[in-house]
Structure formats: C-alpha cells, structure tokens
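Presented below is the structure to which this report refers.
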Amino acid sequence: MDFFAVVDCDNCYVSCERVFRPDLNGKPVVVLSNNDGCVVARSNEAKRMGIKAGTPFFKLAQQFPDQKIAVFSSNYELYGDLTARVMAIIAQQAPDYFRYSIDEAFVILKGMERVDLKAWGENLYKTIRQRVGIPVSIGIAPTKTLAKMASHFAKHYAGYKHCCLIDDDVKRSKALKLYPIAEVWGIGRRYAARLENLGVKTAYDFAQSSREWVNAEFNRVVLLRTWMELNGIDCVPNDEPAKKKSICVSRSFPGMIGDPDQLKTYIANYAARCAEKLRKQDTVASVVGVFLSTNPFREDLGQYHNFGEASLPTPSNASIVIVKKAMEAFDKIYRTGFQYKKAGVIVMSMETRGGIQTSFLDFDAERFEKMKRLDKVLDKLNKVNGTETVILGAQQFRGRDAKGKATQFADAIKHEYKSPNYTTRWSDIIELK
C-alpha cells in the first residue's frame, strides 16, 4: 500500500520572521496583511492571548493594552525564499512531491514499503529545522485527506514528535472520532453546517455513513471523494493545483490620488508584477484589464468606478508589452476630477507559452526574441539582488514637492513594520557583531 505525507510549516509567516529573530521564540508575534490592515498570522502565544485572525491592527492596542506583541508587516519575498528552501529539502528526501501552497506540500511515498515512515518523518522534521530553522508538522496516511488530518494531530500534540502516522484501521477510527467534521479537508463551511444539522458532528460520523446516503443527500463528487478518502480509499489526483486562468494585482493606496502620472506609475508596477507571474507559470495573456475606484466611504467626494481592457494581437508575458497595454486600458477609463483610492491590473485569456498563435500584423520574430532575452535577464537580476532591483522607466514616478524638488515614487503598499530581506538582498544580509 502506498502512503502519502503532508508537510506543513507551522505558523509559517511567524516562523519565517523568527528564523532571524530567535529572541521572539516563546513570545506573542503577529504578521499583518498588505497595508498593515489586519492580522493574518499569529504565533501560538498570540493565539492563546485571544488574538483572532482578521483582527484590525489598530484594535490590538485597544484589546491588549498591557501586552507586548511583536508586529511585522508581510514580507512575502522572505517567506517565499525560506519556504522554497523547505521544498528543496522535501524534494531531496522524498520519492515524489507536489507543492500545494506556499507553506504546504504533499509527498507521494511510493516504493517505501520497507521504510520506517514514522522515523522518516521525524528525521525530515529535524533536517528542515536544522537547515532552514522553520518547524513543520508531518502527517502520514494511506490517503491525502487522512494525511491532512494526521498533520493536524502532529501540530497540536507534542507526543507525536512532529510526525503523526495513521497506518491501520484502529488509528484511523480513533483519529476520525476526534476530528470535527468542519475541519475535514474538502468539507466547506456550508456543507459542514448542513452535515452538523443532520447529526454528523465528526469525521467518523461521516465515514460511517453509507455511500448511497452521501450520494442521495448531496450529489457532489467532492464530498463523495472525501467520504472515500476517510474510509482509506485514495482518490484525490496526484497533481499540482491547476495554473491560474487569470492573474490580478491590486492595492488600496495609503491615501487618495488624483494625479494621472502618479496613478500610471502604480498601474505600471501592477502590470509588471502580472507579467512576472505569467512568466513564473510559463503562460501568456491575450487581454490586459485595468480598474480604478474612488473611496466608497467618502460620500462627500465624487464617486467613480470603471474597468477597461486592451487586447494583444499576439499573446505575451513580456513586461514591456503588458505594461504598454495596461497604459492603453488606463487611458480609456481615467477621468479627471476624482480622488482614487484603489486600482488594479488583471491579465486574462491565458494559455501556455508553447501554444502561442501569432498574428501576422503584430508578430516580429526578432523583437519577440529580444524581449524574451530581456525578461530573462530582468528576472535573474531581480531574483539575485531582490525584487524590483531593475524596473521599467514607467514604474518610476518623479513628481515635485511644494518647493519644486523632485520626489521619487513610493510603494503603494504600506509596510511600516517590515523585516529586512535577509536571504534575497545583499543590502539586507545579517551582520554578526
């Protein structure tokens, strides 16, 4: 019988921050969303204090006035690099795996029938902890759904030594009885509420239901798969999540903006990030859309919301092309006299790069190859030296202050508590004294 493992980084964003701040181990730590809006990650100590996910940042001081809480702005560059190192170790230690999210991977333990899987899991934990510094929880079971359940027990019960193995029916039944139906992977909030109303409180209750009952009551392939997985029948495909069919980059501004040149700089930055994401998943887009929005809470100001798009005769993921089309879409919808609070860029009608159908009116083979080389160099420089080390001219806004002095564009994202990019920028490399 083949087994599956789930490797899940514990409190991922907080753990990444603690790698370079060991003084924060054992202390309450939170990480905030974009623009330092609300809490998106919490240490176990912060959870025990009663800090809830989604708590607005400004309310922390009101709710916990006498508590010292370490606060960080989101640093996705750091988190992405450290979790990539975790995945690299998994790739070395496992026969096969696929990444499920930024902090979680499924491992396919094929051909390991004679291996002590519990010892393998405990050793993988120690290796990741030693080489990267991030704690992980590992669940191992005959199906992916049961492995997800096992990782939960590994995370919350120290006796498992960071690795929980469900390898027989006795362990499976015990785990199912302890696991609330609402926590089961594949059971959404709506179906969990409906199941609870029908008397199905635990994963065990659901697994004990008949297949005919599940089909008759819900008629949903996903729920039937979950039922089969809980009963030890592997049926979730061994595959990575499908590539995105559209990509959106959008932000709310720290203030409000009416200057079209400054707005164009934000749009150019968002479009460049969309192009970078397209290249990362080896896809191209045929349509670039832009939206603008005023602040709906400022009823004293004029309100305006609009969306425009521009088509590409030949699908592309080149930064210059995507930014140019975003500017065209922006010019279609921008209106003077308004103070804008939010903007975004969406790339759509995506396909794999190998399937590009070129237009005779637009396609220039030499220019196409030049852009490919340019983007390759651009991505490499930004990977080695840090995000946005090299950018397009359209991404750099230079206005003038009240005294007429040139001012440089400031990032649209507010991150007053951001940690350094220790592992991806030479300027931020840690110094030992």
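The values are calculated or read from the model by the stated rules, or taken from the named source; none is laboratory data. Everything quoted here is computed from the prediction, not taken from an experiment. Here Cβ is always computed from backbone atoms with ideal geometry, including for glycine, and neighbour counts include all displayed protein chains. Surface accessibility is based on the protein's heavy atoms, side chains included, excluding ligands, DNA and RNA. Shrake-Rupley method; radii C 1.70, N 1.55, O 1.52, S 1.80 Å.
Worth pointing out:
- Selection of region 309-348 for residues being basic (Lys, Arg), buried (at least 18 other Cβ atoms within 10 Å of the Cβ) and either more than 16 Å from Gly289 (Cβ to Cβ) or in contact with a Gly (Cβ under 6 Å, 6 or more places away or on another chain) (or both) yields only Lys341.
- A count restricted to region 1-56 and to residues that are modelled with pLDDT under 90, in a helix (DSSP H, G or I) and either open to solvent by less than 50 Å² (accessible area, probe 1.4 Å) or in contact with a Cys (Cβ under 8 Å, 6 or more places away or on another chain) (or both) stands at 2.
- When region 261-287 is limited to residues that are buried (at least 18 other Cβ atoms within 10 Å of the Cβ) and within 18 Å of the chain's Cα centre (by Cα), the one that is farthest from Phe307 (Cα to Cα) turns out to be Arg279.
- Of all residues in region 57-67 being of a type in the set (A, V, I, L, M, F, W, C) and touching a helix residue (DSSP H, G or I) at 6+ places or on another chain (Cβ under 7 Å), the one that is surrounded by the fewest Cβ atoms within 10 Å (Cβ to Cβ): Phe64
- Among residues of region 104-125, those that are acidic (Asp, Glu) and either at pLDDT below 90 or touching a Gly at 6+ places or on another chain (Cβ under 6 Å) (or both), counted: 1
- Which listed residue is free of Cβ contacts under 8 Å to residues at least 40 places away in the same chain and either assigned to a helix (DSSP H, G or I) or under 18 Å from Ile108 (Cα atoms) (or both), from Gly159, Gly139, Gly199: Gly159
- When Val288, Val236, Val222, Val249 are checked against the criterion of being among the β-branched types (Val, Ile, Thr), over 20 Å from Gly188 (Cβ atoms) and at pLDDT below 90, a single residue qualifies: Val249.
- Inside region 122-133, residues that are in contact with a strand residue (DSSP E or B) (Cβ under 8 Å, 6 or more places away or on another chain) and either touching a residue at least 12 places away in the same chain (Cβ under 8 Å) or surrounded by 20 or more Cβ atoms within 10 Å (Cβ to Cβ) (or both) make up a count of 4.
- Exactly one residue out of Ala88, Ala105, Ala119 is open to solvent by 20 Å² or more (accessible area, probe 1.4 Å) and closer than 25 Å to Arg18 by Cβ: that is Ala88.
- Every residue from region 91-100 that is of a type outside the set (Lys, Arg) and open to solvent by 40 Å² or more (accessible area, probe 1.4 Å): Ala91, Gln92, Gln93, Pro95, Asp96, Tyr97, Tyr100
- Flag set for Met149, criterion: more than 22 Å from Pro22 (Cα to Cα), assigned to a helix (DSSP H, G or I) and out of contact with any strand residue (DSSP E or B) (no Cβ under 6 Å at 6 or more places or on another chain).
- Qualifying residue in region 87-102 (condition: more than 30 Å from Lys277 (Cα to Cα) and in contact (Cβ under 8 Å) with a residue 40 or more places away in the chain): no
- Boolean, Asp81 is over 30 Å from Leu117 (Cβ atoms), out of contact with any Gly (no Cβ under 9 Å at 6 or more places or on another chain), of a type in the set (Asp, Glu) and modelled with pLDDT under 90: no
- Number of positions in region 202-240 that are out of contact with any Lys or Arg (no Cβ under 9 Å at 6 or more places or on another chain), of a type in the set (Gly, Ala, Ser) and surrounded by 14 or more Cβ atoms within 10 Å (Cβ to Cβ): 1
- Among the candidates Val184, Val170, residue that is buried (at least 19 other Cβ atoms within 10 Å of the Cβ) and either in contact with a helix residue (DSSP H, G or I) (Cβ under 6 Å, 6 or more places away or on another chain) or free of Cβ contacts under 8 Å to residues at least 24 places away in the same chain (or both): Val184
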